[in-house]
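Novice: Here you go, one structure.
The values are calculated or read from the model by the stated rules, or taken from the named source; none is laboratory data. Since the structure is predicted, the reported quantities are computational estimates derived from the model, not experimental observations. Cβ: placed from backbone, ideal geometry, glycine included. Neighbour counts: every protein chain shown.
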Amino acid sequence: MAKEFSRSRRVGEQMQRELAELIQFEVKDPRVGMVTVSAVEMSRDLAHATVYITMLDPDKALEPAIVGLRRAAGFLRRELGRRMRLRAVPELHFSYDRSFEEGARLSALIDQAVHQHPDPDPDHSED
């Protein structure tokens with residue numbers, strides 16, 4: 001089973017690199033805009049791939065970009081089939097990766113907590 005996991009992980013990593021390049025240079029849909037592929041999770045049987053995306057332009061609407069990517073899924077699958085050596089190219093499912101937003105939100109909360117409760121003994125340092 002460990003071999004299956006490493007294969008799906010390797011395929012996902014290669015697919016992430018290929019999709020990032022395809023989306024950046026080949027997809028011409030203006031709805032997609034500046035999208036990055038942050039991760040690809042493969043199903044165990046390699047039949048499905050969840051592609052996590054983030055938007056580089058925060059002012060750009062997310063939903064139209066996902067619609068544009070779903071519309072380009074057939075093209076992307078065909079190109080992936082040409083670039084990767086797989087018996088069958090997985091079905092692509094696009095999802096917004098909220099981890100960057102969550103990380104920024106948590107970082108802001110930590111900064112806020114530190115500013116509200118400063119160190120009571122600023123001269124105290126660990127040796």
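Novice: Looking at 99, 43, 95, 6, which is the one that is touching a residue at least 60 places away in the same chain (Cβ under 8 Å) and among the hydroxyl-bearing types (Ser, Thr, Tyr)?
Specialist: 99
Novice: One residue is enough: does segment 75-97 have a residue meeting the conditions over 19 Å from residue 15 (Cα atoms), surrounded by fewer than 18 Cβ atoms within 10 Å (Cβ to Cβ) and in contact with a Phe, Trp or Tyr (Cβ under 7 Å, 6 or more places away or on another chain)?
Specialist: Checking segment 75-97: not a single residue is over 19 Å from residue 15 (Cα atoms), surrounded by fewer than 18 Cβ atoms within 10 Å (Cβ to Cβ) and in contact with a Phe, Trp or Tyr (Cβ under 7 Å, 6 or more places away or on another chain).
Novice: Going by the structure shown, is residue 34 surrounded by 15 or more Cβ atoms within 10 Å (Cβ to Cβ) and at pLDDT below 90?
Specialist: Criteria not met by residue 34.
Novice: Sticking with this one: Kindly evaluate residue 26 against the criterion of being in contact with a strand residue (DSSP E or B) (Cβ under 9 Å, 6 or more places away or on another chain), of a type in the set (Asp, Glu) and free of Cβ contacts under 8 Å to residues at least 60 places away in the same chain.
Specialist: No.
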